[in-house]
Each structure stands twice: as C-alpha cells, then as structure tokens.
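Written below as structure tokens is the structure these notes are about.
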Amino acid sequence: MENRLNRSQTEKMLGGVCTGLSKYFLIDVVIVRLLFVAFTLLGGVGPLIYIILWIVLPVEGQTTIEGESQKFDGEELKERAGMVKDEFVDAVRQPNRNTTLFIGAGLILLGGYLFMKQFNFPWLSWLNANVILAGLVLVVGIILLVRATRKD
C-alpha cells in the first residue's frame, strides 16, 4: 500500500492537515500540531502554511482515474478554496470536541501568562515568548527522540 500525503477526514480537528501530515511522516499528530504552533510563534507563518496545505492537499479517499494526471489549474484552485471556506464555516458552527479543548487550554495558558506578567513579579521576569518557544522546541525534540529510540 502506497503512503500518500493527503488531508484526513476521519481524525481531523479543523481541516485534517495535521493528521494527514502525521500519517504520512509516521509521527504523532500532537507533534505536528506543536510544530504549527512553533511556526506561528516564530513569525506567524504557521496559519499561512496550514491554509495553503488545506487548499493544496487532496482529501483522504479521493481517487483519480488510473493513468490520468491530476489537474490543478485556476479553476481547481478556486474550487478547493471554496471547499476550504465551507469546511471552515462548518468547523466553526460545530467544532470538534478536541478542537475546543485544545483552544480552551491554550487560551487559559496564554491568559494566565498575560495576567501574571501584569503583576511584574521579579521571579517571572525571565519568562517571555522566546523562553516559551525554546521550551516548546525542546519538548518536541525530546518527544521525537524518545519515539525514535523506543522499541516497538
């Protein structure tokens, strides 16, 4: 069976991009999601990359006729962008339970951090976006190393 890069429709939170990437690269989906968070914190390119992949990657289970090349012209791009808009509206109207849990936890952590920074505690002065990003990169690296060295 051929491992193809596509968007997952079964285990998705928003567009299925992270799950599709995790299945393709055979890594945990949480690591892929953390990488998108890191890309967002590094310069804001995470959402842009996600949206581009959402439009470009085919949906899981979409098949093409054998021997026929996949067309990807302006009309196809316009059609896929419209589908992304519809999927996004549906996801906002009826969010996945895991999506709301992740966003809620992230907002609580961010709000707690911003709230604590307002008090100007001396013991909290070392904590900034660079430290948080470095910690996130370290955690992802450790997870990747543990998963790579673990015996199945």
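Laboratory data are not the source of any read-out in this text; all were calculated from the coordinates shown. For clarity, every value in this text was computed on a predicted model and none was experimentally measured. Methodologically, a virtual Cβ is constructed for each residue, glycine included, from the backbone with ideal geometry; neighbour enumeration extends over all protein chains shown.
Overall, region 17-149 carries a charge dipole of about 700 debye about its Cα centre when +1 sits on the Cβ of Lys and Arg and -1 on the Cβ of Asp and Glu, all other atoms neutral. Along the chain, the longest continuous region that contains none of the chymotrypsin sites (Phe, Trp or Tyr not before Pro) in a DSSP loop with at most 15 other C-beta atoms within 10 Å is 1-71.
Scanning the chain for GluC sites (Glu not before Pro) lying in DSSP loops with no more than 14 further Cβ atoms inside 10 Å, the longest uninterrupted stretch between such sites is 69-152. Structure remark: mean-square fluctuation, Gaussian network model of the chain, C-alpha springs under 10 Å; the largest value among GLY135, GLY112, GLY16 belongs to GLY112. Ordered by the count of other Cβ atoms within 10 Å of each Cβ, fewest first, ASP90, ASP28 give ASP90, ASP28. Where only DSSP H runs of four or more residues are counted, the chain gives -21500 deg cm²/dmol as its mean residue ellipticity at 222 nm, each run worth -39500 (n - 2.57).
Here region 17-149 is treated as a sphere whose radius is the Kirkwood value from Cα pairs; by Stokes-Einstein at 10 °C and 1.306 mPa s it diffuses with a coefficient of 89 µm²/s. Phi-derived couplings, Karplus 6.51 cos²θ - 1.76 cosθ + 1.60 at θ = phi - 60°, listed residue by residue for region 89-100: 4, 4, 5, 6, 5, 10, x, 5, 4, 5, 4, 5 Hz, with x used for Gly and Pro. For the chain, with the dipole built from +1 on Lys and Arg beta-carbon atoms and -1 on Asp and Glu ones, taken about the Cα centre, which of GLY135, PRO58, ALA81 lies farthest toward the positive end? Result: GLY135, furthest along the dipole toward the positive end.
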